[in-house]
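Please treat every number below as a calculation from the coordinates, not as lab data. Since the structure is predicted, the reported quantities are computational estimates derived from the model, not experimental observations. Every residue, glycine among them, receives a Cβ derived from its backbone with ideal geometry; neighbour counts consider all protein chains shown.
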Amino acid sequence: MIYKKNKLTLDRFYISSIIKKYKTPIYCYSYQKIKENIQNLKNHFKKINPLICYAVKANSNLGILKEIRKNNLGADVVSLGELMKALKAGIQPKKIVFSGVGKITEEIEFAINKNILLINAESESEILEIEKIAKKKKKIVNIGIRLNPNTDAKTLRQISTGKKENKFGVDQKIFSHLVNIVKKSKNLNLKCLSVHIGSQILNNKPYVNMLKAVSKVIKKCNYNFEYIDLGGGMGIDYIHNNSKLNLKKYSQEIEKFLKVNNCKIIFEPGRSIIGNSGILITKVIYIKKGFKKDFVILDAAMNDLMRPALYGATHKIIPLKKINSKSKKVYEFVGPICESTDTFLTTKNYQKLHEKDYLVICDVGAYGMSLASNYNLRPKPLEILIKNSKILTLNKRQKISELM
Ligand SMILES: *Cc1c(COP(=O)(O)O)cnc(C)c1O
């Protein structure tokens, strides 16, 4: 996104031309950016040659999934719905992994019927359930076991998943025990060790610790895993100060790991593929004086973009039209929903805004629309994609009548 003559553009499109055509709030994605992000991951991990399985939960729009498939990625899914949608988008079953702590019978049966690459199990009970279903179907099912490496991802507490107090995976002791159970099974084929320590990781240290923990466990259970699934979590630069994960370093650490452990690497990135490709275009409804600051009340709310309310996450908010106002303002950007957590950002030194101005909330491609709800009975926003100088509608704005 760049300003041309103080007017905001995305892939050479003036955002002002979009709001002339559509009503806000609008999720708008850049095809160019998605492609760049995928290429960036592929380039950095070239020596590893991983299977990249896009984490569908980050953004499950069918149009987006189709673009991802065209770039030859697989998918990481966490529900029957996501699995069905990945298949509908044309992603090959042999590139799909199924994660999650609570897969129900119906989900496991469907995954087995479709012959997906791996079901990554997270408990003894789940393994026994998969075995039971596999036996009934007289099939041999490829599975992974998710390790909880007890690694602090040093990210927001709410999006940490690899510490021993988290519900995900199993600890080292139980892991070895489960390996022995699966080894004895006639209907299960243990192919993978998986980990995923959390999201929005900006520092390499947690990944280094994770790789160490994985190496240790592999040694301890003395088993040749065909795949090591390292999950996702690669962080992006939400505050626009170049604070992103050093992928080169991460790649080098994995290369070292592969010298000791001969296996194929799987990644499950979500945010790093789609996060910075999306913006949420919104309009100022009212501006209201508050105590020591003014409230800028937007037509986008926590039901459209949940991350700030859910995790205390920060998204930059920038104006469609830059002006050189002398008076700088302290603003709190909020939505119209009846919750005090329906607030996006408080900022000092902001240019003076007016009612009916338009703004852009940045980097909302991941966990934006996929976390959207109908809270306060608000329809979900329109989603569009800018591709090759064209605007494509990915998903129409919900109609109020659909909610009645
Ligand atoms: C959420 C999740 C991911 C994707 O995480 P990102 O931070 O978006 O890359 C990958 N794997 C698993 C198991 C997940 O739960």
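For residue 189, the amide hydrogen comes within under 5 Å of the amide hydrogens of 141, 142, 143, counting only partners 5 or more places away or on other chains and with H modelled in the peptide plane.
When each of 161, 105, 151, 347 is scored by the number of other beta-carbon atoms lying within 10 Å, the sequence from fewest to most is 105, 347, 161, 151. Backbone phi angles across the stretch 280-290, fed through the Karplus curve with coefficients 6.51, -1.76 and 1.60 (θ = phi - 60°), yield HN-Hα couplings of 10, 8, 9, 10, 7, 7, 9, 10, 10, 5, x Hz in residue order; Gly and Pro are listed as x. Restricting to the stretch 31-271, what percent of DSSP beta bridges are antiparallel, rounded to 5? Restricted to the stretch 31-271, the bridges split so that about 5 percent are antiparallel.
When the GluC sites (Glu not before Pro) in the stretch 251-340 are filtered for DSSP coil states and for at most 15 other beta-carbon atoms within 10 Å of their beta-carbon, the remaining sites are 339. Please label the shape of the stretch 251-404 as rounded, prolate or oblate, based on the square roots a ≥ b ≥ c of the eigenvalues of the alpha-carbon gyration tensor (a/c under 1.5 means rounded; beyond that, a/b larger than b/c means prolate, else oblate). Because a/c hits 1.5 or more and a/b exceeds b/c, the stretch 251-404 counts as prolate. Here the stretch 300-323 is scanned for amide nitrogen atoms under 19 Å from the site 7 Å beyond the Cα of residue 243 along Cα-to-Cβ, giving 307-318. Counting only DSSP beta bridges whose two residues both lie in the chain, roughly 50 percent are antiparallel.
The overall shape of the stretch 1-60, judged from the alpha-carbon gyration tensor, is oblate: a/c is not under 1.5, and a/b is no greater than b/c.
From Cα pairs below 8 angstrom and at least 6 apart in sequence, can you work out the relative contact order of the chain, rounded to a whole percent? Once divided by the residue count of the chain, the mean separation gives 19 percent.
Looking at the stretch 251-357, the trypsin sites (Lys or Arg not before Pro) that sit in a DSSP loop and have at most 12 other Cβ atoms within 10 Å of their own Cβ are 292, 326, 356. For the residue pairs 191/380; 283/390; 88/283; 7/390; 95/135; 138/212, alpha carbon separations beyond 29 Å are given by 191/380; 88/283; 138/212.
Computed across the chain, the Kirkwood hydrodynamic radius from all distinct Cα-Cα pairs reaches 22.4 Å. Is the shape of the stretch 31-271 best called rounded, prolate or oblate, per the rule: a/c under 1.5 gives rounded, else a/b larger than b/c gives prolate, else oblate, with a ≥ b ≥ c the square roots of the Cα gyration tensor eigenvalues? Oblate, because a/c is 1.5 or more while a/b does not exceed b/c. Restricting to Cα pairs below 8 Å that are 6+ residues apart, what does the relative contact order work out to for the stretch 31-271? Please round to a whole percent. Relative contact order for the stretch 31-271 comes out at 20 percent. Restricting the stretch 252-328 to chymotrypsin sites (Phe, Trp or Tyr not before Pro) that sit in a DSSP loop and have at most 10 other Cβ atoms within 10 Å of their own Cβ leaves 291. Counting Lys and Arg as +1 and Asp and Glu as -1 over every other residue whose Cβ lies under 13 Å from the Cβ of residue 370, the net charge comes to +2.
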